[in-house]
Amino acid sequence: MGIDSGGGGTPRGERMNTLIPSINALARRIGREVNLMEVCGTHTMTAFRSGLRQLLPRNVRLISGPGCPVCVTDTNYLDAAISLCRRPDVLVATFGDLLRVPGSESSLENERAAGADIRVVYSPTDAVALARENPDRKIVFLGVGFETTAPTVAASIVAASAAGLQNYFVLAAHKTMPHAMAALLQDQQIRIDGFICPGNVTVITGAAIYRFICEQYRIPCVVTGFEPVDMLKATAMLLTQIADGRAEVEIEYSRSVTDRGNAIAQKLLAEVFVECDAGWRGLGMIPRSGLTIRAKYAAFDAVPALGVQFEPAQPHPGCRCGDVLRGLITPPDCKLFGTACTPTNPFGPCMVSSEGTCAAYFKYERRRAA
Amino acid sequence: MCLAVPAKIVELQGTAATISVEGALREVDVSLIEEPRLGDFVLVHAGFAIHKWDPSEVDEWESIRAAAGLPGVSG
């Protein structure tokens, strides 16, 4: 089963108004309901912002899966981060996305308002710089994100090690996508007919990582770019495969993605991290779907180095983010959506993150419905 | 969160590069890509260049953006 760039190649020269008739014809040819799942927060936003869902035929549903790293981060991770930021010798550095996500009792934003030293950084290298500038403080970077982000965190650990820094630590909760996708396919509650695979994750990993999904589950996978025309093209490619009875890995995002990916980044990932089982909010424990810091770099791993404990935690009662992340329901099916849970007062992570499905629904779909 | 921005390398010193995104400058690390050169177009994520586009890939992206009436990666 090969990987190709999709029989029509790239979206160059193709326009929405030429792709839509093709999609309509393919949908008629298939003649049943088709569920296509995207598993990338940036795809979620592209789809909502551009109104793509409204352009698709009635029997083709675009479902948002667990593609937002903030949304799938377990409550107990946030509780651990909050516990760390309360230590007087600790400075927590984080991507801004995590600030407002509620833990069991608080959020990083609340802790910062109460006086904790929490800095928002653009890059893990900024956190290493903080460690250099503050030798008397322990700098803890919150390592959250998929395969796209994990190499940048690995690079920060290698840099801190090379510089002999003894006050830089990472609280790592990196997730990897392929086995989470397989777990979704094993979930009997929802039928997925094809995956719109994440573009920038695959820049790093290479498209070959999805081949087992095609072979074991007979589900087509198309690696997709982030412009609306990319997503329409990928939809047409998936529908073509479904209509032809094929299940292959194809690359729509060929301007950035290859079969093998970024070898330097992969080598760095393997140097610093090792695959582990990981807990996903809403999906539970998924074997081989996370990355943990190797023993060689244990001095930079906040868990052993700072004695971090993960306590069992429960999400807010009534919050159905877990069902949203699995594609089982759409946000309006949750009783809290738009009433108790809004972007200004979020209960669940899918409403907090700008890439979350609930936040996207709130921003774009409610206006359309009104 | 996996957002990556296309940008042009306008200064380069070892693994540190200055990139331009529609004219806005920023320093990034280019140690994750092979043979970065001045003038290369790269995809940038969290302060790191994660992929180098060849000229045809830049052209493709420019044409997609132009069709949508959006700015390209000039700069």
- Item | Cut-off 14 Å (backbone N to label point 7 Å along Cα→Cβ of residue A:114), residues of region A:295-321 | none
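Calculate for chain B the 222 nm mean residue ellipticity that helices alone would give, adding -39,500 (n - 2.57) per DSSP H run of length 4 or more and normalising by residue count, nearest 500 deg cm²/dmol. Before the final figure, lay out the partial values.
Values: 1 runs with 13 residues, N = 75.
My calculation for chain B gives -5500 deg cm²/dmol from helical runs alone.
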- Query: Given Cα pairs under 8 Å that are at least 6 residues apart, what percent is the relative contact order of region A:324-364?
  - Reply: 30 percent
- Are there GluC sites (Glu not before Pro) in chain B that DSSP marks as loop and that have at most 11 other Cβ atoms within 10 Å, and which are they? B:34
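Give me the net charge for the shell around residue A:127: Cβ to Cβ below 14 angstrom, other residues only, Lys and Arg +1, Asp and Glu -1. List each step's numbers first, then the result.
Details: positive: A:119, A:132, A:137, A:138; negative: A:117, A:126, A:133, B:29.
So the environment of residue A:127 carries a net charge of 0.
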- Message: Would any residue of region B:1-38 have its amide N under 11 Å from a label point 7 Å out along Cα→Cβ of residue A:162? List them or say none.
- Response: B:15-16, B:30-32
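Kindly give the semi-axes, whole Å and largest first, of the ellipsoid equivalent to chain B, taking each as the square root of 5 times a Cα gyration tensor eigenvalue. Numbers along the way, then the final one.
On the way: eigenvalues 82, 29, 27 Å².
The equivalent ellipsoid of chain B has semi-axes of 20, 12, 12 Å.
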- Message: Once the convex hull of the alpha carbons of region A:144-263 is built, what does its volume come to per residue, in cubic angstrom?
- Response: 123 Å³
- Query: How much mean residue ellipticity at 222 nm does chain A get from its helices, if each DSSP H run of length 4 or more adds -39500 (n - 2.57) and you divide by all residues, to the nearest 500 deg cm²/dmol?
  - Reply: -10500 deg cm²/dmol
- Note on the structure: Residues other than residue A:262 with Cβ under 10 Å of its Cβ, Lys/Arg counted +1 and Asp/Glu -1, net out at +1
- Compute the Rg/Rh shape ratio of the protein assembly as shown: radius of gyration over Kirkwood radius, all on alpha-carbon atoms. 0.95
- Message: Between residue A:189 and residue A:294, how high is the FRET efficiency from 1/(1 + (r/R0)^6) when r is the Cβ-Cβ distance and R₀ = 25 Å? Nearest 0.05.
- Response: 0.10
- Note on the structure: If one compares the long axis through the Cα atoms of helix A:150-162 with the longest principal axis of the Cα atoms of chain A, the angle in degrees, nearest 10, works out at 30 degrees
- Message: Can you give me the Rg/Rh ratio for region A:130-197, using Cα atoms for both radii and the Kirkwood formula for Rh?
- Response: 1.22
- Query: Using Cα-only point scatterers and the Debye equation, what is log10 of I(q)/I(0) for region A:324-364 at each q in 0.24, 0.25, 0.30 Å⁻¹, rounded to two decimals?
  - Reply: -0.69, -0.75, -1.09
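Say R0 is 41 Å: what FRET efficiency, to the nearest 0.05, do residue B:12 and residue A:104 get from their beta-carbon distance? Walk me through the intermediate numbers first.
Numbers: r = 47 Å, r/R0 = 1.14.
After rounding, the FRET efficiency stands at 0.30.
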- Task: Once you have the Kirkwood Rh of region A:255-301 from its Cα pairs, apply Stokes-Einstein at 25 °C and 0.890 mPa s and quote D in µm²/s.
- Result: 197 µm²/s
- Task: May I ask for the angle, rounded to the nearest 10°, between helix A:124-133 and the longest principal axis of chain A, with both axes built from Cα atoms and the value confined to 0 to 90°?
- Result: 10 degrees
- So for R0 = 45 Å, FRET eff. of residue B:27-residue A:212 from the Cβ-Cβ r, to 0.05, ends up at 0.70
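Throughout, read-outs are computed from the coordinates displayed, never taken from laboratory work. Here the structure is a predicted model, which means the values were calculated and not measured. Positions of Cβ are generated from backbone atoms using ideal geometry, with glycine treated the same way; all protein chains shown enter the neighbour counts.
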